[in-house]
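So the structure is just underneath, and the comments pick up after that.
The values are calculated or read from the model by the stated rules, or taken from the named source; none is laboratory data. As the structure is a prediction and not an experimental result, all values here were calculated from the model. Don't worry about glycine lacking a Cβ; one is built from the backbone with ideal geometry, like all the others, and counts go over all protein chains shown. Surface accessibility is based on the protein's heavy atoms, side chains included, excluding ligands, DNA and RNA. Shrake-Rupley method; radii C 1.70, N 1.55, O 1.52, S 1.80 Å.
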Amino acid sequence: MDSSYNQPVDATKVPRFAGISTFMRLPAVDSAAGLDIALAGIPWDGGTTNRAGARHGPRSMRDQSTLMRRVHHVSKIEPFSVVNIADVGDIGVNPIDLHDALTRIKTGVADILQHGALPLIAGGDHLTTLPVLRAVAKRRPVALIHFDAHSDTNDTYFGNNPFTHGTPFRRAIEEGLINPHRTVQIGIRGSIYAADEHDWAQQQGVRIIYMEEFVRRGAAEVMREAHKIVAGAPAYVSFDIDCIDPSMAPGTGTPELGGFTTREAQDLVRRLAGLDIIGADVVEVAPPFDLAGITALAGATIMYELLCVIAAEISKRNQR
Ligand code: MN
Ligand code: MN
């Protein structure tokens, strides 16, 4: 352990409800300099087509993340001991101009990357993942592991508008940001606009694992296939909170029945271990529709699960 690494505020000394909330109670810093992992918020939901509110997601997840402790109880990973992590704050957004917001988000993530830090992001609606990928995949297409109730590969909405939270991965494929043959979507379900809605993505090579297939095959087998699809390529992980059932994560823009339990979601994320993850996000937490903070708690906990997996890989790489 490097004693210069940032440490969370100790809840045995300062209670969790006290002080200014930051992700995982880590220091709030102005830049990603010297960090291995930068925790950042993107408080923007201008791509939402139904229930708005994900702009409030980062602040709620910061608050709920004060519940996280130092050691992952299964893997025994201590993320704060093996890598340097901090809360770099929220990426500047523009709530009244979609294109300016997308530019600002890309610039903000590029700044994190320029310092050599890995971005772990709290959204925001799912359109925020597009400008994040524009920064992360600037030089080459990346692999994608995408947990969601929705494929988010529709073409246009409201008369030819190509930018909504239902379209980011279609744009990402068109822009060459993700390799569709190295893309897997897990947990897809719910009614669709047309019977052929998912055809385009599948024709590009995207592997869609519907919820029914997950139920039939189980997490171990599904994630073994996900590892094969990624095949060692640098991978981005995008976790839409609506992949979890609305009974456990009601605070989201587009809830769909029949989702993962929070326990299944944790298990899936733990099975990302060993992948070359280059960035990740948890999106679509919409606090105005939440109850008792349970969706934000789910979001913050999934961030912590991701953090543990990513920290373990970075620390392994650093030891080589
Ligand atoms: Mn989504
Ligand atoms: Mn979704």
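Considering only beta bridges that DSSP places wholly inside the chain, some 5 percent are antiparallel. Loop-located chymotrypsin sites (Phe, Trp or Tyr not before Pro) in region 190-286 (DSSP state other than H, G, I, E, B) with a sparse environment of at most 14 neighbouring Cβ atoms within 10 Å: Tyr193. Computed 3J(HN,Hα) for region 17-27, one whole-Hz value per residue from the Karplus formula 6.51 cos²θ - 1.76 cosθ + 1.60 where θ = phi - 60°, is 8, 9, x, 8, 7, 10, 4, 6, 6, 7, x, glycine and proline marked x. In order along region 243-255, the phi-based Karplus estimate (6.51 cos²θ - 1.76 cosθ + 1.60, θ = phi - 60°) of 3J(HN,Hα) comes to 5, 7, 4, x, 5, 10, 9, x, x, 8, x, 9, x Hz; Gly and Pro are listed as x. In this simple spin-label model, placing a label point 7 Å from the Cα along the Cα-to-Cβ direction at both Arg139 and Ser4 gives a separation of 2.5 nm. Summary of the geometry: region 106-144 and region 201-246, compared by the centres of their Cα atoms, lie 20 Å apart.
Based on a Kirkwood Rh over C-alpha pairs, give the Stokes-Einstein translational diffusion coefficient of region 141-204 at 25 °C and viscosity 0.890 mPa s in µm²/s.
204 µm²/s
Per-residue surface analysis assigns Ser151 an accessible area of about 10 Å², computed on protein heavy atoms at 1.4 Å probe radius. The C-alpha atoms of the chain occupy a region whose extents along the principal axes are 56, 41, 40 Å, arranged from largest to smallest. Pairs of C-alpha atoms in region 98-243 farther apart than 25 Å represent 25 percent of all such pairs. The alpha-carbon positions of region 88-136 define a convex hull whose volume is 68 Å³ per residue.
As an equivalent ellipsoid, region 162-272 spans semi-axes of 21, 19, 13 angstrom, where each value is the square root of five times an eigenvalue of the C-alpha gyration tensor, largest first. Centre-to-centre, using Cα atoms only, region 153-176 and region 248-310 are separated by 23 Å.
What does the accessible area per residue of the chain come to in Å², with a 1.4 Å probe and no ligands, DNA or RNA counted?
Details: 13320 Å² over 320 residues.
About 42 Å² of surface per residue is accessible.
What a 1.4 Å probe finds exposed on the chain is 51% carbon and sulfur by accessible area, rounded to a whole percent. Sites listed here are chymotrypsin sites (Phe, Trp or Tyr not before Pro) in region 1-97 whose DSSP assignment is loop and whose Cβ has at most 13 other Cβ atoms within 10 Å: Phe17.
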